[in-house]
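*Asks:* Sharing a structure, written as structure tokens. Questions coming.
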Amino acid sequence: LTSKQKFPGCQESTNCNALYGGGCGSDEKVSCVVTVTGRNCTCPIGHHVKGFMTQDWDRPLNTPFPGCDVTNECATSNPCGELYSTCEPAIGYRTCKCLPGYHFKSAGTGLSEEALYGGKKIMGNTPWDTRDDCIINDNCNYYFDEPPSGKFGCGTDPSVVCETSSRGRLCTCPRGSYMPGFGKSAFLDDTTVFPNCTQSDFCDADYDGEGFYGCGTQKYNEMPVTCLPGVEERTCQCPPGFSVIGSSYNINSSTVHITDEFPGCEDIDECDDFQNACGDHSSCSTPEIANRFCKC
């Protein structure tokens, strides 16, 4: 201005006025800021500029603003860690949850209900912190279970073997015991209480498929082998007229440890297996099992 000109004053810029080719559309939630070259449009939280995937849009006048779209917060790279997690999108944030059998690393050694089953709310544009990656539960650590519920570990008996897995834990009872309703070994998830191991009936072959329980199912002269259970053993008694295979002196019973298999029974030849079975000047025959017939 020259010394003779009067300063006319200032008026609001039209860059954010749609009547002059500016503005950021009709959505009141979209903010508009005047810039040197035009205006900057900013979509609300949880939204992005259509076709640009950015929240801000800085363009000169006479460039139409394309509008805003809802942002899928789970569509970004690695939104909830690389493994063992799920992502649930919402407007402005995402909820990250670990898969069953896993928990957030940041939970430390305490596996609370939130750490196991809850989720982490991550605001939009916030990158994932790898310190919160999901890792497998130590389902064998009995001390994680506070207060005790029996859903972790396999009890306090050191002879019970526990192997952790994403499904829960594998509990294996020592030989000679089993879990009622489950057997000697079973996968238990983190909702199942460990039932404890109880003494096996060593005469019941249903507890074991390896031949080390019971005395077999074979019958001899239509009679089964008698089984008497003991502590980590059982006594198998052959029917009359039969002896334990491989035994000497025609022994008809055998005490068998749980690590051994009962060999079975065999017919006793009462004429050959007994010394002087019918005495002198006689003949011997065995027309019936468990008996011999002596004739002078």
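*Asks:* Round to the nearest 0.05 the FRET efficiency obtained for S185 and T255 when R0 = 30 Å and r is the Cβ-Cβ distance.
*Replies:* 0.65
*Asks:* Let me ask you something else. What FRET efficiency comes out for the pair E232/T130, r = Cβ-Cβ distance, R0 = 45 Å, nearest 0.05?
*Replies:* Between E232 and T130 the formula returns 0.35.
*Asks:* Using the basic label-point model (7 angstrom from Cα toward the beta carbon), what is the V70 to T156 distance in nanometres?
*Replies:* The two pseudo-label positions are separated by 5.2 nm.
*Asks:* Fully extended, how many nm does the chain gain between T192 and T63 (0.36 nm per residue separation, minus their Cα-Cα distance)?
*Replies:* The span from T192 to T63 would gain 40.2 nm if fully extended.
*Asks:* Here's something else I'd like to know. Can you compute the FRET efficiency between K29 and N141 using 1/(1 + (r/R0)^6), with r the Cβ-Cβ distance and R0 = 51 Å? Round to the nearest 0.05.
*Replies:* About 0.55, to the nearest 0.05.
*Asks:* Right, here's the next one. Restricting everything to alpha-carbon atoms, can you work out Rg to Rh for segment 14-74 with a Kirkwood hydrodynamic radius?
*Replies:* With Rh from the inverse mean 1/r over Cα pairs, Rg/Rh is 0.97.
No lab work stands behind these numbers, since they all come straight from the coordinates. As the structure is a prediction and not an experimental result, all values here were calculated from the model. We place every Cβ from the backbone using ideal geometry, glycine too, and count neighbours over all the protein chains shown.
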